[in-house]
1. Which whole-number percent is the relative contact order of the chain (Cα, under 8 Å, 6+ apart)?
2. Only bridges with both residues in the stretch 3-86 count here: give the DSSP antiparallel percent, nearest 5.
3. Given labels modelled 7 Å from the Cα in the Cβ direction, how far is it in nm from residue 11 to residue 23?
4. Gaussian network model of the chain, Cα springs within a sub-10 Å range: biggest mean-square fluctuation belongs to which of 15, 38, 29?
5. Taking the chain as a Gaussian network, where each spring joins two C-alpha atoms under 10 Å apart, which residue of 44, 57, 34 fluctuates the most?
6. At 222 nm, what value in deg cm²/dmol follows for the chain if DSSP H runs of at least 4 each add -39500 (n - 2.57) and the sum is divided by all its residues, to the nearest 500?
7. With each pseudo-label sitting 7 Å past Cα toward Cβ, what's the residue 36-residue 75 distance in nm, one decimal?
8. Sort all Cα-Cα distances of the chain into consecutive 10 angstrom bins from zero, then give the percent of pairs in each bin up to the one containing the longest distance.
């Protein structure tokens with residue numbers, strides 16, 4: 001099964017560092033929602049490279065991102081031609 005990044009929104013919202021959005025090599029994959037104050041992952045774009053996990057764990061020391069099997073993602077989003085849409089309930 002394919003693994004993608006998943007952000008722990010509680011931890012991320014308490015830090016608001018945004019480093020993962022800057023270091024992700026795949027454009028428009030990890031985005032930051034200013035209204036909620038947390039990062040989120042567009043699961044259809046995530047390549048499973050785990051760079052964001054390393055950045056969050058080793059550089060930022062927040063441990064807010066982990067890799068999960070695509071079928072275990074709680075709040076997934078896909079990028080479509082008309083914007084973002086929730087993919088998993």
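1. For the chain, the relative contact order is 34 percent.
2. Antiparallel: roughly 95 percent of the beta bridges in the stretch 3-86.
3. With each label point 7 Å from Cα toward Cβ, the separation is 1.3 nm.
4. Its mean-square fluctuation being the largest, the pick is 15.
5. Answer for the Gaussian network model of the chain: 34.
6. Counting only the DSSP helices, I get -3500 deg cm²/dmol.
7. Between residue 36 and residue 75, the label points sit 0.3 nm apart.
8. 18, 55, 25, 1
Read-outs: derived from the displayed coordinates by stated rules, not from any lab. Keep in mind that this is a model prediction, so the values were computed, not measured. As a convention, Cβ positions derive from the backbone with ideal geometry for all residues, glycine included, and neighbour counts pool all protein chains shown.
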